[in-house]
1. Over chain C, what is the relative contact order in percent, taking alpha-carbon pairs closer than 8 angstrom and at least six residues apart?
2. 7 Å from Cα along Cα→Cβ at both B:Glu96 and C:Glu127: what's the point-to-point distance in nm?
3. Within 10 Å of each Cβ in peptide C:233-241, how many partner chain Cβ atoms are there on average? Round it to a whole number, please.
4. What whole-number value in Å² describes the accessible area per residue of chain C for a 1.4 Å probe?
5. When DSSP beta bridges are limited to those with both residues in chain C, what percentage is antiparallel, rounded to the nearest 5?
6. Using heavy-atom solvent-accessible surface (probe 1.4 Å) with all chains present, what is the largest-first order of C:Asp116, A:Asp284, C:Asp203?
7. Determine the percent antiparallel among the DSSP beta bridges restricted to segment A:247-391, to the nearest 5.
8. Given the protein chains as shown and a 1.4 Å probe, how many square angstrom of A:Asp203 are accessible, to the nearest 10?
Amino acid sequence: MTQRVGIEVSRAVAIAAKLANVDVVAAYPITPQTHIVEDLSEMVASGELDASYIPVESEHSAMSSCLGSVAVGARTFTATSSQGMELMHEVLYVASGMRLPVVMAVANRALSAPISIWGDHSDVMSVRDTGWIQIFVTNGQEAFDNILCAFRIGEDRRALLPVMIHLDGFQLTHVIEPIYLEEQGDVDRFLPRFEYPLPLDPDKPVTMGAFGPPDIYTEVKKAQDVVLTSSKEVILEAWKEFGDIFGRYYSPIQCYRCEGAKVLLMTMGSFSETAMSAVDAMRDDGHAVGLLNLRLWRPFPFAEIRQAVKDADVLVVFDRALSFGGPGGPVCSEVRSALYSLDKRPKVVGFVGGLGGRVVSIAGFREIIERGTRIASEGTEQEFEMFGVRE
Amino acid sequence: MTESEGKPTWQQIEIGAIITEPGSARQYQTGDWRTQRPTYVHERCIKCGLCSIYCPEGCIEPNEEGYFEADLFYCKGCGICARECWTKAINMVEEE
Amino acid sequence: MEKYAVFVPKLIKKKENFAPGHRACVGCAEALAVRQTFKALGRDVIVVNATGCMEVVATPLPHTSWCLPWIHTLFENAAAVASGVDSGLKALVRKGRRPDRKISVVAIGGDGATSDIGLQAISGALERWQDFLYVCFDNEAYMNTGIQRSSATPYGASTTTAPAGKKSIGQVTWKKDMPGIAAAHNIPYVATACPSYPFDLMDKVRKGALTPGPAYIHVLSVCPTGWRCAPELAIKVGRLAVETGVFPLYEVENGRYKLTIDVPQLRPVQDYLKLQGRFRHLSEETVKEIQDRVSKDYAKLKEKIECMQKQDR
């Protein structure tokens, strides 16, 4: 019988990777990701996990090593955060372009300067276009579950794409939550053995990562985009099967108390749980508000978003990252453009906050919803508003 | 995915643009880069094969009689074989 | 035929692992060095290539010159990718998912990929004792992007980013001692080689690939385009680099230095320099400066070797 145990979320993530029976872990320490890879290296040292642990000298080499190990057909896991992800930035494009399904946990953290070890989504947004499947998780259980799903999704023949699981630094990685740590037998039933179709193998030599002249590059990129877009089917299928086995079902967007809601708030990651409490409080006060918790960031769930907002008058999007000198929050900007061509669409209002570990309280989210509603009716010159900034 | 079949469409691109045919560059003619080509004085050739070891293309092999000769489909006419042949059995001549 | 070229071509395997049809420049001794390197090894090899001339000329989609499993990802990370290949293979063998058969992992890169941008990844992989061979094909500048200087460019050479002019002799720094840096990691095998000495090169490659743990080979690869020498002289120029002491051929086995091609009487460096346009502008004083440095470095190398031999006795 599966036990629900109080455990640090980082440790649960490491246990998920162990249950996935990973063959290679290549990682470099960075706060707040370190607990994940520390735990994995302990498991390797104790013999609990039979994997090669590569203690690389940088994040660039971490992701590069991951490319090499997936290319020989080894199931591969890594974790990083913030500057670490920036250092491996160019390698991320190669992982997706070469269709090498690495799984990476990202402990979301702000970017320098000034240096901050605390959470926001600047690192996520900087890798938005790298071609990875990207999933936000809301709590520890979702983190554990989605690490398992990530291997299943990424390694599927129809996808063969790398997957990032985004969990908020500290606000998720360092908290202790009650989590169901599933049994090995059930995990094995859900997660088939990884077989890369064209690995580096002297018995069948292939050339991987060849040079793309102008007369072929566009076709390669089109093929890549189609695969990432259509990987949504693989993701939905994996989530469905995960739910059938483990009893927890996931969807690209979680609609929380959206029935009859005229005003919707959209958030990502751990903040969504706080925002849910704000929605509860406002519902108690008789306001028709709901929350959209965005889980699937790439491929972008256009259809689900359009469906979710079709009856709303106002959509308030709360971003934890800022596109400097641009439209404000990257998620808000994408949602706006996803809705633009619709005849009937809600007014979209953007807020940016929760940067560099700044907490947004339940009262704060209530204020955001109320202020967003006001802006929607009165109009504003601003593209977005910074929330909670001292003037 | 060969030239004779025309350029591939995006649907025909292999996973990650992997090339599955080893050594397929053999289809590509580099011989037309040549401005000079090797000619052979077989009486001087001792069939040592040094020319083949030093050929950057790897396109020199013994013919049926054992004399080493360049495959002109690939030979770019660098002249290394003629320069390195110690019995002076190879001479470079201008291409017409 | 110069004195030191060994002469048994017929003993070499016929099988080519680097097929013709590649787009290397006419007389490219780097393509030659790559061909010799992988002729020396059997088929149980996985090649990891850094970005550079060899990746570009050998794999324009949809064609490949490679007959071995080969992967290229980026410029500075070949040693890290090779680490993943090595560790991945080891894990799969341990877990019974691959047959337990020795597969040599060979990472290759140019001098820029090795002594500049990829140095950190190489140092990391050597220090971690990854089981692989790294081969640097050194043509002494960023040739792929148009002859820009690297830290491997020799003193006095004119390149497009360190050009000779009224106020400059071109490269004003001395070539980085990359084999020395590799050896400082105390790895089991380090060597220098040159395709002008094919049997010496192939012996070293075999040794390096079969050595358990990390190995490093630094191959001087004459580039007629960048060095501005006649293509047919590519082999001769490489030979002169060795005969003048500019590029001594040695190996370091478990810390023990040994010259594999001993040159009792070095030729003057001018014999080497004068065949190359990149040195054409050099004054007599600069040539003398180079001569002094080469003589000193060669003497130092010999001294190191003799000292070690004495210790052994």
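The values are calculated or read from the model by the stated rules, or taken from the named source; none is laboratory data. Since the model is a prediction, treat every value here as computed from it, not as a measurement. Ideal geometry is used to build each Cβ from the backbone, glycine not excepted, and the neighbour counts take in all protein chains shown. All accessible areas refer to the heavy atoms of the entire protein, side chains included, with ligands and DNA or RNA removed. Shrake-Rupley method; radii C 1.70, N 1.55, O 1.52, S 1.80 Å.
1. Answer for chain C is 16 percent.
2. With each label placed 7 Å out from Cα toward Cβ, I get 6.5 nm.
3. On the way: counts 5, 7, 8, 3, 0, 0, 1, 0, 0.
What the average comes to for C:233-241 is 3.
4. Working: 11410 Å² over 313 residues.
Heavy-atom SASA per residue in chain C reads 36 Å².
5. Bridges in chain C are about 30 percent antiparallel.
6. Numbers: C:Asp116 50, A:Asp284 120, C:Asp203 90 Å².
Largest accessible area first, the residues go A:Asp284, C:Asp203, C:Asp116.
7. 20
8. Surface accessible to solvent at A:Asp203 totals approximately 90 Å².
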